[in-house]
Amino acid sequence: MSTKNDGGPAFPIGSTPEEWGNGMTLRDYFAAKAMQNYICDDYTPDAIAKAAYEMADAMLKARGTP
């Protein structure tokens with residue numbers, strides 16, 4: 001089973017991945033930013049969430065995150 005690219009931690013603390021903890025991922029951060037635009041329109045909550053994560057995935061792809 002493949003896992004979805006989450007971009008890693010959005011706000012890492014520490015110098016190694018083991019020290020970063022379980023905070024917000026970069027994918028979640030991008031989705032939260034994208035979601036703000038969709039809330040202004042007449043979309044259902046499910047449609048907003050789907051569109052926001054689609055945008056987050058496109059942003060991760062555009063920045064070349066492996």
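Quick notes on this one:
- Crossing angle, helix 26-39 versus the chain [Cα axis fit, 0-90 degrees, rounded to tens]: 20 degrees
- Taking all protein chains as shown and a probe of 1.4 angstrom, Thr44 keeps an accessible surface of around 80 Å².
- Surrounding net charge for Ala51, when Lys and Arg each add one and Asp and Glu each subtract one, Cβ distance under 12 Å: -3
- Radius of gyration, Dmax [the chain; alpha carbons; angstrom]: 13.4, 43
- The angle between the Cα long axis of helix 45-62 and the main principal axis of the chain comes to about 50°, on a 0 to 90 degree scale.
- Between Lys50 and Ser15, the FRET efficiency estimated from the beta carbon spacing at R0 = 35 angstrom works out to 0.45.
- Carbon plus sulfur fraction of accessible area for the chain, probe 1.4 Å, in percent: 57 percent
The values are calculated or read from the model by the stated rules, or taken from the named source; none is laboratory data. Source: prediction; values computed, not measured. Glycine gets a Cβ as well: all are built from the backbone with ideal geometry, and neighbour counts include every protein chain shown. All accessible areas refer to the heavy atoms of the entire protein, side chains included, with ligands and DNA or RNA removed. Shrake-Rupley method; radii C 1.70, N 1.55, O 1.52, S 1.80 Å.
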